[in-house]
């Protein structure tokens, strides 16, 4: 028998822990489907979050990391993985949207899709979010899967994000009344039809992919021992594989429950805490009319996005344990403060932009929202500028 298939006691322990966590998630989803109100949606959200967590952890699908790899090493494979997700999502979304809303007449928008207002406020929020990513070393979704890897610094970033949401609620009414309420909500099919929208988006994504491939510098890798176990459980999956899975999941999630997003629960928690502390205005003008950052004052423990996030963290833990990547370490004070500050910026940015790299960028672009493209451009700009500063003053 090949040595790669020989398991020692440590392997058995790791795989047993991982299998136990995944089994628990499946059993809990089954229980929810049978006994909870709106149980099927909750069960799907739990399973989708678990799948998302495994894919994020195994493919290292982190917006900051893949962008940094391109900036520092001209390794464009990670960014091409994001392009793959957007292509799959764009195709799937356009099929769904054309069935939901056969005639995309001006003024009509598909239900619950992450299509937001476009203004300088969105650009600023995306710029700030990108700076926060660069400062903390991850986007919000990556901090969540790194919780599963034992990252203590990610806890500081997520606490900071909750604080940033509170700051966002404090500035929301002013920004909404002065700018956002008059900003156009631009959905490409309203102007180009579904065929024109699809062709434009695929053309843009193809052009970006060609540029990335042109600038890519080939890297050589050492050959590792091949086995099904290594390929599935231990080696990093190619980011394009993660992109395929995430693009398909994004379409399925929109069809079954809601577009992919990871900030609704954080925002709802921040809004609830801020409301109890009387820090957040009781009335947030126009916020509840947008579907992106769907924050509410929590009145129940179970929610679709809350279960999605819970499963994401637990499943990423299971994946990390099986891959020998669960490695808790004590961060230094500077790292904690940097992560907290980056989290604050990401929290304010995602609240003001009505989502993050998952909700506004991925789900927005998949839905042919111009707001998604604007967020992407300014988020990457903020990330790049802040990363240049970080490298100059480490």
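Restricting the first member to region 270-284 and to residues that are in contact (Cβ under 8 Å) with a residue 40 or more places away in the chain, and the second to residues that are crowded, with 16+ Cβ neighbours inside 10 Å and not in a helix (DSSP H, G or I), the beta-carbon pairs closer than 7 Å and six or more apart or on different chains are 271/280; 271/295; 274/280.
Within region 58-81, residues that are free of Cβ contacts under 8 Å to residues at least 12 places away in the same chain sit with their Cβ atoms under 6 Å from residues that are surrounded by fewer than 21 Cβ atoms within 10 Å (Cβ to Cβ), at 6+ positions apart or across chains, in these pairs: 69/75.
Residues of region 170-184 being part of a helix (DSSP H, G or I) and closer than 17 Å to residue 117 by Cβ, which ones? First the steps, then the outcome.
Residues of region 170-184 part of a helix (DSSP H, G or I): 170-178, 180-182.
Answer for region 170-184, where residues must be part of a helix (DSSP H, G or I) and closer than 17 Å to residue 117 by Cβ: 171, 172, 173, 174, 175, 176, 177, 178, 180, 181, 182.
Of all the numbered requirements in (1) in contact (Cβ under 8 Å) with a residue 40 or more places away in the chain; (2) more than 16 Å from the chain's Cα centre (by Cα); (3) not in a helix (DSSP H, G or I), residue 387 misses one, and that requirement is (3). Of the residues 380, 297, which is surrounded by 21 or more Cβ atoms within 10 Å (Cβ to Cβ) and touching a helix residue (DSSP H, G or I) at 6+ places or on another chain (Cβ under 8 Å)? Unique residue meeting the criteria: 380.
Among the candidates 342, 372, 306, 355, single out the residue that is in contact (Cβ under 8 Å) with a residue 40 or more places away in the chain, within 15 Å of the chain's Cα centre (by Cα), surrounded by 24 or more Cβ atoms within 10 Å (Cβ to Cβ) and assigned to a helix (DSSP H, G or I).
Numbers: 342 fails: within 15 Å of the chain's Cα centre (by Cα); 306 fails: surrounded by 24 or more Cβ atoms within 10 Å (Cβ to Cβ); 355 fails: assigned to a helix (DSSP H, G or I).
So the residue among 342, 372, 306, 355 that is in contact (Cβ under 8 Å) with a residue 40 or more places away in the chain, within 15 Å of the chain's Cα centre (by Cα), surrounded by 24 or more Cβ atoms within 10 Å (Cβ to Cβ) and assigned to a helix (DSSP H, G or I) is 372.
Taken together, 157, 207 contain a single residue that is modelled with pLDDT of 95 or more, crowded, with 23+ Cβ neighbours inside 10 Å and part of a helix (DSSP H, G or I), which is 157. Test of understanding: among 261, 193, 243, which residue is closer than 30 Å to residue 343 by Cβ and either at pLDDT 90 or above or touching a strand residue (DSSP E or B) at 6+ places or on another chain (Cβ under 8 Å) (or both)? From the options 261, 193, 243, the qualifying one is 243.
Please indicate, with yes or no, whether at least one residue in region 116-125 is under 18 Å from the mean Cα position of the chain (by Cα), farther than 17 Å from residue 346 by Cα and crowded, with 20+ Cβ neighbours inside 10 Å. Scanning region 116-125, I find at least one residue that is under 18 Å from the mean Cα position of the chain (by Cα), farther than 17 Å from residue 346 by Cα and crowded, with 20+ Cβ neighbours inside 10 Å, so the answer is yes. Scanning region 317-361 for residues that are at pLDDT 95 or above and at positive phi yields a total of 0.
Taken over region 172-181, the criterion of being surrounded by fewer than 17 Cβ atoms within 10 Å (Cβ to Cβ) and touching a residue at least 60 places away in the same chain (Cβ under 8 Å) is satisfied by 173, 177, 179, 181.
For region 314-336, filtering for residues that are part of a helix (DSSP H, G or I) and either in contact (Cβ under 8 Å) with a residue 24 or more places away in the chain or under 27 Å from residue 371 (Cα atoms) (or both) leaves 11. Residue 297 fulfils the conditions (1) touching a residue at least 12 places away in the same chain (Cβ under 8 Å); (2) over 18 Å from the mean Cα position of the chain (by Cα); (3) not in a loop (DSSP other than H, G, I, E, B) except for a single criterion, (3).
The numbered conditions (1) closer than 23 Å to residue 266 by Cα; (2) free of Cβ contacts under 8 Å to residues at least 60 places away in the same chain are all true for residue 311 except (2). Among the residues of region 40-61, is there at least one that is surrounded by fewer than 18 Cβ atoms within 10 Å (Cβ to Cβ) and more than 20 Å from the chain's Cα centre (by Cα)? Looking through region 40-61, at least one residue is surrounded by fewer than 18 Cβ atoms within 10 Å (Cβ to Cβ) and more than 20 Å from the chain's Cα centre (by Cα).
Within the bounds of region 103-115, is there any residue that is loosely packed, with under 14 Cβ neighbours inside 10 Å and either touching a strand residue (DSSP E or B) at 6+ places or on another chain (Cβ under 6 Å) or within 18 Å of residue 372 (Cβ to Cβ) (or both)? Yes, there is a match, as at least one residue in region 103-115 is loosely packed, with under 14 Cβ neighbours inside 10 Å and either touching a strand residue (DSSP E or B) at 6+ places or on another chain (Cβ under 6 Å) or within 18 Å of residue 372 (Cβ to Cβ) (or both).
The values are calculated or read from the model by the stated rules, or taken from the named source; none is laboratory data. What you see is a predicted model, and the numbers here were worked out from it, not measured in a lab. Using ideal geometry, Cβ is built from the backbone for each residue, glycine included, and neighbour counts are taken over all protein chains shown.
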